[in-house]
Amino acid sequence: MDVASGSASGDLAASLTLAYPEMLMAIGAMALLMLGVFRGNSSTRLVAWGSVAILLMAAILVLAQPNGRFVGFGDGFVVDPFAKFGKVLVYLGSAVAVIMSLGFLRSQKIERFEFPLLILFATLGMSMMVSANDLIFLYMGIELQSLALYVLAAFNRNSLRSTEAGLKYFVLGALSSGLLLYGCSLIYGFTGTTNFDVLRHVIVPGEMGLGVIFGLVFLCAGLAFKVSAVPFHMWTPDVYEGSPTPVTALFSGAPKIAAMLLFVRVLMGPFLGQDGTVVPEWQQIIIVISILSMTVGAFAAIGQTNIKRLMAYSSIGHMGYILVGVAAGTVGGVASVLIYLMIYLAMTLGVFACILSMRRKEGMVEHIEELAGLSRNQPLMAMALLVLLFSLAGMPPLAGFAAKFFVFRAAIQAELYGLAIIGLLASVVGAYYYVRIVKIMYFDEPAEPFEQPMSKSMRMVLVTSTLFILFYLVFANPLLRMTEYVAKSLFL
Amino acid sequence: MILQAIAFYVFSTVLVGAAFMVIAARNPVHSVLFLILAFFSAAGLFVLLGAEFIAMILVVVYVGAVAVLFLFVVMMLDIDFVELRRGFLQYLPTGVVIGLIILGELLLVAGIAIVTPETAGLAAHPIPSVATRTNTGALGDILYTNYIFLFQAAGIILLIAMIGAIVLTLRSREGVKKQNISDQVNRRREDGVEKVTVRPGQGI
C-alpha cells in the first residue's frame, strides 16, 4: 500500500490540521463547561449527550484524516494509522462509559455536570498519549489523563471508599509519574533528545549505555503502572472497588488501551533495532511483568467475592496476555495486541453493563452471590453475561479465544515458547473463576431479582458487545487485515 | 561599564546582606520583608546579565505570590518564632554541611559549562544572541510554535485541577441564610404579618 508521510514541524498551520480532533474536544469540553456552569446540575444529561456527540465527531475527524504518517508540533505529535486506530477505540470506550454513567449518577444522587466533562478531558489526555512522539508529549498526555481520572475516582465524595480510592490512586499515580519522569530525564540526559524519531537513530540496540537502560527501566515501570501490570498493580483492586461503578467501567477500558498503545509505541519506536529486531534489554522486562500479571491475575481472582474487585484482577490478567504480544516485538505481535485490545474493550464494557444493572430497591449490589438465579429472573441478561464470561475465559468460538490465539501465536513465532506455555496455563486457571460466576448464575439457589427492566442504554451496550463477541469470527478477516496494516505503520 | 560594575556590587551587597538578615532578624515579618528585598536584588542581577525574562518572573512569581504567601502564613499562624529559634546554633553544623554540598554541586554545574562549552551547542533550540532577539521573544518563538500544543495542554491540566478542586470540595450547605435582595424587595406585608382575631379571655 502506498503510504504518504510528512513532517509539518516548521509549519504551524499544517501542524494544527493534525490536531483537529483534539482541538474539537478541548473547545467542545470548554463550551459544555460553560453550559454546565450557567445551567447548573440539571443540565447533566445535556452535557453528557453533548460529550458523547463530541467524542463521536472527534472519531469521525480522526477517520477523515489522510492515511500515512504525519508529524507536527516540532515532530512531537504523530498521526499514523496506529494512532488513528487507538484514538477511535479510546473515544468509543469513553463515549460508552459516559452513556452507561447516566442512570447510575442519578440513582446515587451524584448527578453533576462535571462528570462527563472530566471523562472528556481524560479522553483528550489519552488522545495525546496515543499520538505522542516525544517524551514531553508522553508525559503531558499521561498527566492530563490521570489528573481527570483521580478526580473521577473520588467523585462520590459522600462515600468513604470512593474518597479513599481517589486518594490512593492519586498518591500512587504521583509516585509512578515520578518514576516515569526520572526515566525520561535519564534517557534525555544520556541521549540528548526527547524525540522518538531521533532517539531511534541515537540508540544503538543491543549495546545501550547503562544510563539509557536505567531510563528505559524506569519508563517501563511508570507505564506498567498505568496499564496495571504486576508488580505495579497494587492500586487496581482497591481503586476499582472504591470508585463509582461507571468510573470503574471507564478505568478498565479507555485508559488501559491508551496506556498500552503508548507502551507499544515507546518500545517499538525508539527502542527497536534498526532492522526491526527485538531488543533483549526490554524484552526480558516485558516477559517478566507479563508472566507475573498473568499468574497474579489468575490466582488472586479466585478468592474474590466482590465483582468489581474480580474485574480488577481479570483486567490485570488480560494486560498480562496483551504483554505477551508486546514481548514478541514483531508486526504480528503488535497486530495481536490491537486485536486483543479491541475485543477486550467490547468484553469489559458488556460485563460492566451487566454490573451496572445489578440494582435492587435498596441500591446497587456488588457481590457475586447476588447473581444467583439470574438465569431464571432475567434469562436474556444471564445468557449475554454467559457469552461475555466464556469469552473472557477464552473459549472458542468466541472473540476472547481469537484474541488469546493471536497473542500466543505471535509469541510462538517469536520463539518465546515458555511465555506461551505459562500464558496457556494461566488462562486455564483463569477460566475457573469466570465459569464459577456462570455456575452461580445458573445453578445456585435464586436470590432476590434485580430491578427490571434494564435501562435502554445498558441493553444497547450489552447487546452490541455480546453480538460482537458472538459473531466475531464472521468479520474476523477484515479486522485482522486492518490490524496488520495498522501494526505495519508502526514499523515504517 | 563602570556603571554596570557599580550596579553589580550594589545589588550583590544588598542581596547578601538581605539574605543574612532573613535568618538573623528577630521578627519573622521582617524576615519575609528582607526576603522580598533579596528577591528584588537578585532580579536586578539577572537584568544585568541580560536575562530580563527571568528577572520579571522572579519578581512576579516570588515576590508577587510566594513571598505574599509567606507573609500570610507568618501573620495568620500563631507560631512562636523566638521559641523555634532557640536551638539555632545547634543546627548550624548540619546547615553548614548542606550549604557546602549545594556549593559543590553549583561548582560542578558551572565547571561543566566552563570545561566543555560545546555542550550548549547540543541543545535542540540554540539560544539566539541577545543582541538580535530579546530572550522573552526567543522563548515565545518556540513556546508558541513547536510547543503550542504542550502549552495549551498544560493550561487544560490547570483547568482540570480547578474543576477537580471545585467538584471535590464545594458543598452547598443547607440552612445557611443568605441575603437575596430581590426576595427582600418582593416581600409583602402579608408574608410577615398575620392578623389574628383573639377572643376575649382565651389568648392565642
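The values are calculated or read from the model by the stated rules, or taken from the named source; none is laboratory data. Keep in mind that this is a model prediction, so the values were computed, not measured. Backbone-built Cβ (ideal geometry, glycine too); neighbour counts: all protein chains shown. Accessible surface is based on the protein model in full, side chains and every heavy atom, while ligands, DNA and RNA are left aside. Shrake-Rupley method; radii C 1.70, N 1.55, O 1.52, S 1.80 Å.
For a distance above 21 Å, tell me the whole-number percent of Cα pairs in chain B that qualify.
When every Cα pair of chain B is considered, 77 percent fall beyond 21 Å.
Simple rule: put +1 on each Lys or Arg Cβ and -1 on each Asp or Glu Cβ in chain B, find the dipole, and look at B:Val167, B:Leu58, B:Gly44; the Cα lying farthest toward the positive end is B:Val167. A:Pro270 sits among other residues whose Cβ lies under 14 Å from its own Cβ, and their net charge, with Lys and Arg +1 and Asp and Glu -1, is -2. A 1.4 Å probe over all protein chains sorts A:Lys488, A:Lys87, B:Lys178 by accessible area into B:Lys178, A:Lys488, A:Lys87, starting with the largest. Solvent-accessible area of B:Ser182, all protein chains in place: 60 Å² (probe radius 1.4 Å, heavy atoms, ligands and nucleic acids excluded). Can you give the net charge of the other residues whose Cβ lies under 11 Å from the Cβ of B:Leu170, counting K and R as +1 and D and E as -1? So the surrounding residues net to +3. Compute the helix-to-body angle for B:148-169: its Cα long axis versus the longest principal axis of chain B, expressed 0 to 90° and rounded to tens. Around 40 degrees separate the two axes.
Here each label is just a point 7 Å from Cα along the line to Cβ, and for A:Val288 and B:Val198 those points are 9.0 nm apart. Angle check, please: helix A:114-131 long axis (alpha carbons) against the longest principal axis of chain A (alpha carbons), in degrees 0 to 90, nearest 10. Tilt of helix A:114-131: around 30 degrees. Under the rule a/c < 1.5 gives rounded, and otherwise a/b versus b/c splits prolate from oblate, where does the range B:1-78 land using the Cα gyration tensor? Since a/c reaches 1.5 but b/c is at least a/b, the shape of the range B:1-78 is classed as oblate.
Subtracting the Cα-Cα distance of A:Lys109 and A:Tyr188 from their residue separation scaled by 0.36 nm leaves 23.7 nm.
Taking all Cα pairs closer than 8 Å and separated by 6 or more residues, the relative contact order of the range A:288-492 comes to 32 percent.
Rg and Dmax, both from the Cα atoms of the range A:288-492 and both in Å, are 17.4, 57. The angle between the Cα long axis of helix B:88-115 and the main principal axis of chain B comes to about 60°, on a 0 to 90 degree scale.
Compared with the alpha-carbon gap, the fully stretched path from B:Met76 to B:Leu48 is longer by 6.4 nm at 0.36 nm per residue.
The sum of -39500 (n - 2.57) across all DSSP H runs of n ≥ 4, divided by the residue count of chain A, sets its helix-only mean residue ellipticity at 222 nm to -24500 deg cm²/dmol. Residue order by solvent-accessible surface for B:Asp183, A:Asp134, B:Asp78 is B:Asp78, B:Asp183, A:Asp134, largest first, with ligands and nucleic acids left out and a 1.4 Å probe.
Extent of the protein assembly as shown along its three principal axes (Cα atoms, max minus min coordinate, largest first): 109, 92, 54 Å.
The residue among A:Gly72, B:Gln202, B:Val130 whose Cα reaches farthest toward the positive pole of the charge dipole of the protein assembly as shown, with charges on the beta-carbon of Lys, Arg, Asp and Glu, is B:Gln202. Ligands, DNA and RNA excluded, the heavy atoms of A:Met57 present near 100 Å² of accessible surface to a 1.4 Å solvent probe.
Here each label is just a point 7 Å from Cα along the line to Cβ, and for B:Ala7 and B:Asn135 those points are 1.4 nm apart.
Contact order for chain A, expressed relative to its length and based on alpha carbon pairs under 8 Å spaced 6+ residues apart, stands at 14 percent.
Percent relative contact order of chain B, based on C-alpha pairs within less than 8 angstrom and at least six residues apart?
Reported relative contact order: 13 percent.
Ordering A:Val463, A:Phe218, A:Gly394 by the projection of their Cα atoms onto the charge dipole of chain A, which places +1 on the Cβ of Lys and Arg and -1 on the Cβ of Asp and Glu, puts A:Val463 at the extreme positive end. One decimal place: the segment A:Leu425-A:Thr277 gains 50.5 nm when fully extended, by the rule 0.36 nm per residue minus the C-alpha distance. Shown is the FRET efficiency for A:Tyr432 and A:Met383, computed with R0 = 25 Å from the Cβ-Cβ distance and rounded to the nearest 0.05: 0.75. What dipole magnitude, in Debye to the nearest 20, does chain B give about its Cα centre under +1 on Lys/Arg Cβ and -1 on Asp/Glu Cβ? Dipole magnitude for chain B comes out near 1000 debye. Here the simple spin-label model places points 7 Å from the Cα toward Cβ, and for B:Tyr91 and A:His201 these points are separated by 5.2 nm. Protein-only accessible surface at a 1.4 angstrom probe places the residues A:Ser107, A:Ser489 in the order A:Ser107, A:Ser489, largest first.
Within the range A:297-386, which trypsin sites (Lys or Arg not before Pro) sit in a loop by DSSP and count at most 14 neighbouring Cβ atoms inside 10 Å?
On the way: sites: A:Lys308, A:Arg309, A:Arg359, A:Arg360, A:Lys361, A:Arg376; in loops: A:Lys361.
Here the sparse-neighbourhood loop sites are A:Lys361.
Of the whole protein surface, A:His367 contributes about 80 Å² of accessible area at a 1.4 Å probe radius.
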